[in-house]
Amino acid sequence: MLRIPPSLERILNKMFPNTADRERFAADALQRAIEEENPSATEKPVSVGGTLHLFTDGGSRGNPGQAAIACILEDPERGEIICEHEECIGIETNNVAEYRALAEGLRLARRYHPNRLICHLDSQLIVRQLNGEYRVKMSTLRPLFDEIKELGSLFADISFVHIPREDNFRADALVNKALDACGSPPPSS
């Protein structure tokens, strides 16, 4: 049995009066923390270093609308997927979803310490912004752009490459799978 400090127990009791909800929240939080520290058992081990390819996609049904992100990390030498991730992110625009997918992908890639990371995106706008060809004009995108630049600085060699949507079919399929699982957004007030 896990013991938590009384001060934390009081906060959890206020947040989740129902014991089952409180225990489910605590179990989920612990599971997420474990997964962040240790790649899941479904991820294939790779050697540290080398070149890795990251494929990311974000999308929304409506713009803004229910949104989701997906990323796939691949070892091109072995032709194997190392790990993949998809999740719903709530109501967002397509561009926010694209940036958030890339940020999540960079966090996943950091676990493997590649010497070189090639990021493949089907959003020409995001790639051109990250490569300095376009300015980031929208204030909602600036913090996401800055986050990507900060995460990117943690890699020895990183590049952002635009690819056609049809070449990003695996990440696109994961986004659609996540969007299907998100369900319908709540009705507007």
With no solvent and one point per C-alpha, what does the Debye sum give as log10 I(q)/I(0) for the stretch 125-180 at q = 0.25 Å⁻¹?
-1.05
Shape call for the stretch 59-185, from the Cα gyration tensor axes a ≥ b ≥ c (a/c under 1.5 means rounded, otherwise prolate when a/b beats b/c, else oblate), comes out oblate
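No value in this document is a laboratory result; all are computed from the given coordinates. Here the structure is a predicted model, which is why all the values come from computation and not from measurement.
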